[in-house]
């Protein structure tokens, strides 16, 4: 899956979850519900910090893992993604024009994912208040 497909797939998953948060939460036990909201908050932070295509791919890969795992065995602590520090320091002189354009592409799409993650998390939190 290339970057563009990963971004599109992530956005589609988040949109579907946002459209019917009750159905999503209904599939999860209480601990999984809380874990999902926490993981979405972490992903919102990571997507806000993404600076290049590698960061963007990391965010989309982690997002797919979080959203596709449903049972408590699959989401155990051993299988959850580990935290990755996305550092904002980059040597701009080391980047060619092509890499700079790729970086701008990644940042724009990371911002889109960030907005969808935040919206999805907020909808799930609202729905959780009903439980």
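The values are calculated or read from the model by the stated rules, or taken from the named source; none is laboratory data. Note that the structure is a prediction, hence the values are computed from the model and not measured. A quick note on method: Cβ atoms are made from the backbone with ideal geometry, for glycine too, and the neighbour counts reach across all protein chains shown.
A few notes on this one:
- Any chance residue 43 is surrounded by 20 or more Cβ atoms within 10 Å (Cβ to Cβ), within 9 Å of the chain's Cα centre (by Cα) and modelled with pLDDT under 90: no
- Which numbered condition residue 56 misses (of (1) surrounded by 13 or more Cβ atoms within 10 Å (Cβ to Cβ); (2) within 18 Å of residue 116 (Cβ to Cβ); (3) modelled with pLDDT of 90 or more): (3)
- Checking the stated criteria, residue 87 turns out to be modelled with pLDDT under 80, over 15 Å from the mean Cα position of the chain (by Cα) and closer than 22 Å to residue 109 by Cα.
- Residue 97 meets each of the listed conditions (1) at pLDDT below 90; (2) within 10 Å of the chain's Cα centre (by Cα) apart from (2).
- Among the residues making up the stretch 1-18, those that are free of Cβ contacts under 8 Å to residues at least 24 places away in the same chain, part of a helix (DSSP H, G or I) and surrounded by 12 or more Cβ atoms within 10 Å (Cβ to Cβ) are 8, 16.
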